[in-house]
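Written below as structure tokens is the structure these notes are about.
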Amino acid sequence: MIQIAPSILAADFAALGEQIQTVEDAGAHLLHLDVMDGHFVPNITLGPPVVASIRMTTRLPLDVHLMIENPDAYIEAFADAGADWISVHAESCAHLDRTLNRVRSRGLSTGVVLNPATSLSVLENVLALVDFVLIMSVNPGFGAQKFIPYSLQKIEGLRKMIDRRGLSVKIEVDGGVSLDNLCALVRSGAEVLVAGSQIFGSPDPGAVVRQMIDRSSGCFDGGQDEVT
Ligand code: DX5
Ligand code: ZN
């Protein structure tokens, strides 16, 4: 089953509780929270206190995407705040094996993230340690950027890598995901689709979540696959 993860980066932060309720009611499967530190990426967003407040307002699993330097120093704080999934960038971890084990030791769903330019080869030794791999289909830091088309080949390659090893690692994709490219992503092997501006940039975010769920369920019966 394909999971839809609205990213609150594009939400109205002054009405966050209400916006989260809307996507939860529409059937979203998890909530994607982008943590940016102004160092690893050129933008600043939210920290553990905001995650803790969100935890109180929703039952959705919280998918915390750490775009920060030295993520090791903050894993405990985000776990304590109520994160259910935590992903760290391979590019920000000097000791990736240790960092992933640190997330795993908290009993959380553990993910590794690759920037667009980072090769799948960095997964060689850590694929068996993770529950999911997050493929960035834009350079991280901002919402509403254009989808990078070669991400599709990367997802296909990762799908093969996972299947060849008989693992059940999920593939998540983040950046420029839209109603138009959703089926191409699903057919390439993506199972968790993060979408920010497509959902919260709409006047009716709940309707977009329902459309995404509906469309993703039909991708293998001749659904749309235009990539824009
Ligand atoms: C980008 C973030 C994304 C962002 C996606 O650095 O990791 O999660 O919110 O936004 P859209 O869907 O608008 O590309
Ligand atoms: Zn993200």
- Cysteines without a disulfide-compatible partner in the chain, using Cβ under 4.7 Å as the rule? Cys93
- Between the range 138-199 and the range 20-86, the Cα center-to-center distance that results, in Å: 19 Å
- Query: For the chain, what is the mean residue ellipticity at 222 nm derived from helices alone (per DSSP H run of n ≥ 4: -39500 (n - 2.57); sum divided by total residues; nearest 500 deg cm²/dmol)?
  - Reply: -9500 deg cm²/dmol
- Query: Taking the Cβ-Cβ separation of Arg55 and Ser202 as r and a Förster radius of 35 Å, what is the calculated FRET efficiency to the nearest 0.05?
  - Reply: 0.90
- Message: To check my understanding: the extent here is largest minus smallest coordinate of the Cα atoms along each principal axis. What are those three numbers for the chain, in Å, largest first?
- Response: 43, 42, 30
- Task: Using Cα positions and a limit of under 19 Å, work out the aspartates and glutamates in reach of Lys160, with same-chain residues fewer than 8 apart set aside.
- Result: Glu124, Asp131, Glu172, Glu191
- Query: Among Ala10, Leu31, Cys219, whose Cα lies farthest out toward the positive end of the dipole of the chain, if unit charges sit on the beta carbon of Lys, Arg (+1) and Asp, Glu (-1)?
  - Reply: Cys219
- Query: Direction-averaged shadow area of the convex hull around the Cα atoms of the range 1-109, nm²?
  - Reply: 7.0 nm²
- Note on the structure: Low-density loop trypsin sites (Lys or Arg not before Pro), the range 44-111, at most 10 other Cβ within 10 Å, DSSP non-H/G/I/E/B, are Arg59
- Tabulate in residue order the Karplus-calculated ³J(HN,Hα) for the range 116-125, using 6.51 cos²θ - 1.76 cosθ + 1.60 with θ = phi - 60°, rounded to whole Hz; enter x for Gly and Pro. x, 7, 8, 6, 4, 4, 5, 7, 2, 9
- Task: Choose one of Asn125, Asn70, Pro149: the residue whose Cα lies farthest towards the positive end of the charge dipole of the chain (beta-carbon charges +1 Lys, Arg; -1 Asp, Glu; about the Cα centre).
- Result: Asn125
- Using a simple charge model, +1 on the beta-carbon of Lys and Arg, -1 on the beta-carbon of Asp and Glu, nothing else, what dipole does the chain show about its Cα centre, in debye to the nearest 20? 520 debye
- Here the Cα Rg-to-2.2 N^0.38 Å ratio for the range 156-228 is 1.16
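The numbers here are math on the coordinates, done by the rules we state, and not lab data. Here the structure is a predicted model, which is why all the values come from computation and not from measurement. Please note: Cβ atoms are built from the backbone with ideal geometry, for glycine as well, and neighbour counts cover all protein chains shown.
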